[in-house]
1. Roughly speaking, what % of Cα-Cα pairs in the stretch 1-97 are separated by over 22 Å, rounded to a whole number?
2. Among 57, 46, 35, which one moves the most in a GNM of the chain with springs linking Cα atoms closer than 10 Å?
3. Can you give the net charge of the other residues whose Cβ lies under 10 Å from the Cβ of residue 96, counting K and R as +1 and D and E as -1?
4. Quote the charge dipole size of the stretch 1-103 about the Cα centre in Debye, to the nearest 20; the model charges only the Cβ of Lys and Arg (+1) and of Asp and Glu (-1).
5. If you place +1 on the Cβ of every Lys and Arg, -1 on the Cβ of every Asp and Glu, and leave all else neutral, what size is the dipole of the stretch 1-54 about its Cα centre, to the nearest 20 Debye?
6. Please list, in order along the stretch 25-36, the HN-Hα scalar couplings obtained from phi with the Karplus expression 6.51 cos²θ - 1.76 cosθ + 1.60 (θ = phi - 60°), rounded to whole Hz, x for Gly and Pro.
7. Nearest 500 deg cm²/dmol is fine: what mean residue ellipticity at 222 nm does the chain get from its DSSP H runs of n ≥ 4 alone, each adding -39,500 (n - 2.57), divided by its residue count?
8. Once you put a point 7 Å from the Cα of residue 21 and another 7 Å from the Cα of residue 7, both along the Cβ direction, what distance in nm separates them?
Amino acid sequence: MDRDAIEEMFQALGPVTIKRMFGGKGIYHEGRILALEVDGEILLKADAQSGPDFEAAGSRQWSYEGKQGKPVKMPYWSIPDEAFDDPDEMGIWVRRAYEAALRAR
């Protein structure tokens, strides 16, 4: 995903900073990481408070295979499908990601 597409996705928050990391990209707002781009997909940060909202919206939690073949779940979730067609809805989800980033202090 290119820089312009990512910036448009996060426009409800204002400017974002995009940095290369782990073969993907980290997406930051006001110094806090709130999303990752992995294999062309944007994953939004969530926590114990917002994770259930992502799950209820049909999002899936990002995980990778750990050393012993067991999945390791990370605090990042796919964006709900309906948000891709509605900038207001996308704004709700990216704000939730930023709020989770703030709580992660």
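1. Numbers: 1154 of 4656 pairs.
Here the tail beyond 22 Å accounts for 25 percent of pairs.
2. Of 57, 46, 35, the most mobile in the Gaussian network model is 57.
3. Working: positive: 45, 95; negative: 47, 53, 99.
Net local charge, residue 96 excluded: -1.
4. On the way: 13 positive and 19 negative charges, 169 e Å.
Result for the stretch 1-103 is approximately 820 debye, rounded to the nearest 20.
5. Working: 6 positive and 10 negative charges, 56 e Å.
For the stretch 1-54, the charge dipole is close to 280 debye.
6. Listing the rounded values in order: 9, x, 10, 10, 9, 6, x, 10, 6, 10, 7, 10 Hz.
7. Details: 3 runs with 30 residues, N = 105.
Rounded to the nearest 500, the figure is -8500 deg cm²/dmol.
8. Label-label distance for residue 21 and residue 7, simple model: 2.1 nm.
Read-outs throughout are calculated quantities, based only on the coordinates presented, and are distinct from any laboratory measurement. These figures come from a predicted structure and were not determined experimentally. Heads up, the Cβs are rebuilt from the backbone with ideal geometry, glycines too, and the neighbour counts pull from every protein chain shown.
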